[in-house]
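To keep things clear, I will list the structure first and then write my remarks on it.
The values are calculated or read from the model by the stated rules, or taken from the named source; none is laboratory data. Nothing here was measured: the structure is a model prediction, and the numbers come from that model. When we count neighbours, we look across all protein chains shown, and the Cβ atoms used for this are built from the backbone with ideal geometry, even at glycine.
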Amino acid sequence: MISDYVKGRKKLDYQTEIQWGIQLHRTIDQFTDTHEATREAKQVFRPAYRLYSGAVVDVIYDHFLAADEAEFTADSLDLFAQGVYQVLHQHQTHLPERFAGMLPYMKEQNWLFHYRSRWGAGKSLGGLVRRAQHLTESETAFRLFEAHYQLLAGCYRHFWNEVKPFAAQTFTELTHQKI
């Protein structure tokens, strides 16, 4: 959860298990950015969002994962989200300042659960714009998301079928070696 807020070698300031999570996140990000399905999905957003098209696709993939009935029912997603918030709260002293400041809103508005709906994905796109230095609006991204929903769902399915075993294997490798 905090990887995007921990830059470079700052990960070494964290205990080993958190370093594993940061490295896992970074490795998955690299896999995601170079995956053929992600490249296809980015093409939907690239004309309007250029270099930010990858960040938009990340939000879209989060939506499809949260809505994926093979991964989560509504009840199991809510339980998962509450568990994540609880773990983050328990480790609040380790959270980067910017992330810690955002956490109360994330929990109160149950961001992880609301990715499940198209409305929630739209809200998340709006949050991306607020955090990004060079973005000014998210309405275009939401319209493109709606217009290309089936294509993007197919990209997600193709991607998810490959990233899930990749992430499991990478986690196993990380936890059996020193960082």
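For the stretch 61-115, the set of residues classified as within 15 Å of the chain's Cα centre (by Cα), among the acidic types (Asp, Glu) and not in a loop (DSSP other than H, G, I, E, B) consists of 62 only. Scanning the stretch 28-56 for residues that are free of Cβ contacts under 8 Å to residues at least 24 places away in the same chain and within 23 Å of residue 170 (Cβ to Cβ) yields 30, 33, 34, 39, 42, 54. Residue by residue through the stretch 78-123, note down the ones that are modelled with pLDDT under 95, polar (S, T, N, Q) and surrounded by 14 or more Cβ atoms within 10 Å (Cβ to Cβ). Result: no residue meets the conditions.
Residues that are over 15 Å from the mean Cα position of the chain (by Cα) and hydroxyl-bearing (Ser, Thr, Tyr) were ranked within the stretch 124-161; the one that is surrounded by the most Cβ atoms within 10 Å (Cβ to Cβ) is 138.
Taken over the stretch 43-68, the residue count meeting the criterion of being more than 13 Å from residue 156 (Cβ to Cβ) and charged (D, E, K, R) is 2. In the set (1) without any contact (Cβ under 8 Å) to a residue 12 or more places away in the chain; (2) buried (at least 17 other Cβ atoms within 10 Å of the Cβ), the condition left unmet by residue 164 is number (2).
In the stretch 32-44, what count of residues is obtained for those that are surrounded by 16 or more Cβ atoms within 10 Å (Cβ to Cβ), of a type outside the set (S, T, N, Q) and under 13 Å from the mean Cα position of the chain (by Cα)? Looking only at that region, the number is 0.
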